[in-house]
Amino acid sequence: MFQVTLQHFLVLSAILFSLGVYGIVTRKNAVMVLMGIELILNAANINFVAFAKFGNFGFGGQMYALFVIVLAAAEAAIALAIVLNIYKTFTNVNIDEIDNLKE
Amino acid sequence: MNYYDILFYLFAIITLVSAGFVVTTRNVIYSAFFLLFTFFGVAGIYVLLAADFIAVVQIMVYVGGILILLLFGVMLTNKITNVDIRTGTGNLLPASIAVGLLMGALVSVMIYTGWKVQPGEVPDTSIKQLGALLITDYLLIFELLGILLLIALIGAASIARRDKE
């Protein structure tokens, strides 16, 4: 029961994924939504690395975990640039108040 | 329970507790700093999974890059002088129910699926193999990711640039 197996890592990543979804659904601040997305990407990465270790797949899983980290960095930069633009236009970043396509 | 198991539970508790605070605390700055502990916990999990290079990259890119970007985003999009760094929450009850159901379904799938485990031998370090794979099997993806990062850099700079009034 307490012996750590593949299931333990998968359950950890499932709970982390659910917490990320909860953050995305309940938060109004756009930066907080980004933090939820980062949690979800981390959960997916744990799955990649866990299957790479326990499935004897070589290093493919770790390579894809690296690629996910790179994509997360690019996504964070672009998303924060968009959030800054939204702030300049609407003077807040609450995503439930931003409902205009054009000022 | 040996040291491996104890370390796993330690890092898992750090990760999950701080992730829970990230999504529940109302102050955005607190959330960002709890996210720091979440990233460190996940890096520890990577080490336990024999992915040492991924763990180092996790700390360098997530903590050194993405978290700093998020903090900049928080600072630049809030009225610091009015101490209005709080975030509103909405749909708490339906979101809790739906996410609880989702979590239950995911966890039960993960537990009750008969995963076929076949552990291979764990090498001392993964850097050499990862480097060799990057310039052989994954060369195209590697180059495309370089181009993507360049595009993201230029795009982010041009989107966030102030207009010359």
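A:Thr26 meets the conditions (1) within 21 Å of A:Ile78 (Cα to Cα); (2) in contact with a strand residue (DSSP E or B) (Cβ under 6 Å, 6 or more places away or on another chain) in every case but one. The failed one is (1). Within the range B:124-155, the set of residues being touching a residue at least 40 places away in the same chain (Cβ under 8 Å) and open to solvent by 90 Å² or more (accessible area, probe 1.4 Å) comprises B:Ile127 only.
Each row is one residue, and each column tells you yes or no for (1) open to solvent by less than 30 Å² (accessible area, probe 1.4 Å); (2) at the interface with chain B (Cβ under 7 Å from one of its Cβ atoms); (3) in contact with a Pro (Cβ under 7 Å, 6 or more places away or on another chain); (4) more than 22 Å from B:Val61 (Cα to Cα).
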| position | (1), (2), (3), (4) |
| --- | --- |
| A:Gln3 | no, yes, no, yes |
| A:Tyr22 | no, yes, no, yes |
| A:Leu39 | yes, yes, no, no |
| A:Asn42 | yes, yes, no, no |
| A:Asn47 | no, no, no, no |
| A:Tyr64 | no, no, no, no |
| A:Ile86 | no, no, no, yes |
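Of all residues in the range B:108-123, those that are closer than 8 Å to A:Gly55 by Cα have Cβ atoms under 8 Å from Cβ atoms of residues that are open to solvent by less than 80 Å² (accessible area, probe 1.4 Å) and of a type in the set (A, V, I, L, M, F, W, C), 6 or more apart or on another chain, in B:Val117/A:Leu6; B:Val117/A:Phe54; B:Gln118/A:Phe54; B:Pro119/A:Phe54. Among the residues of the range B:132-152, those identified as assigned to a helix (DSSP H, G or I) and either out of contact with any helix residue (DSSP H, G or I) (no Cβ under 7 Å at 6 or more places or on another chain) or more than 9 Å from chain A (Cβ to nearest Cβ) (or both) are B:Ala132, B:Leu139, B:Leu140, B:Glu143, B:Leu144, B:Gly146, B:Ile147, B:Leu150, B:Ile151. Kindly indicate whether any position in the range B:136-157 is under 24 Å from the mean Cα position of the chain (by Cα) and among the polar types (S, T, N, Q). Looking through the range B:136-157, none of the residues is under 24 Å from the mean Cα position of the chain (by Cα) and among the polar types (S, T, N, Q). Any idea which of (1) over 23 Å from B:Ala95 (Cβ atoms); (2) surrounded by fewer than 16 Cβ atoms within 10 Å (Cβ to Cβ) is the one A:Ala74 doesn't satisfy? Among (1) over 23 Å from B:Ala95 (Cβ atoms); (2) surrounded by fewer than 16 Cβ atoms within 10 Å (Cβ to Cβ), the lone unmet condition for A:Ala74 is (2). Where helices (runs of 4 or more DSSP H) sit wholly within the range B:1-110, those with at least 2 residues that are surrounded by 15 or more Cβ atoms within 10 Å (Cβ to Cβ) and modelled with pLDDT of 90 or more occupy B:3-24, B:28-48, B:52-57.
Selection of the range B:8-34 for residues being touching a Leu at 6+ places or on another chain (Cβ under 6 Å), in contact (Cβ under 8 Å) with a residue 12 or more places away in the chain and not aromatic (Phe, Trp, Tyr) yields B:Ala12, B:Ala19, B:Val22, B:Ala32.
The values are calculated or read from the model by the stated rules, or taken from the named source; none is laboratory data. A quick note: this is a predicted structure, and the numbers were derived from the prediction, not measured. Glycine also receives a Cβ, built like all others from the backbone with ideal geometry; neighbour counts cover every protein chain displayed. To get the accessible areas, we keep the full protein, side chains included, count just its heavy atoms, and leave off ligands, DNA and RNA. Shrake-Rupley method; radii C 1.70, N 1.55, O 1.52, S 1.80 Å.
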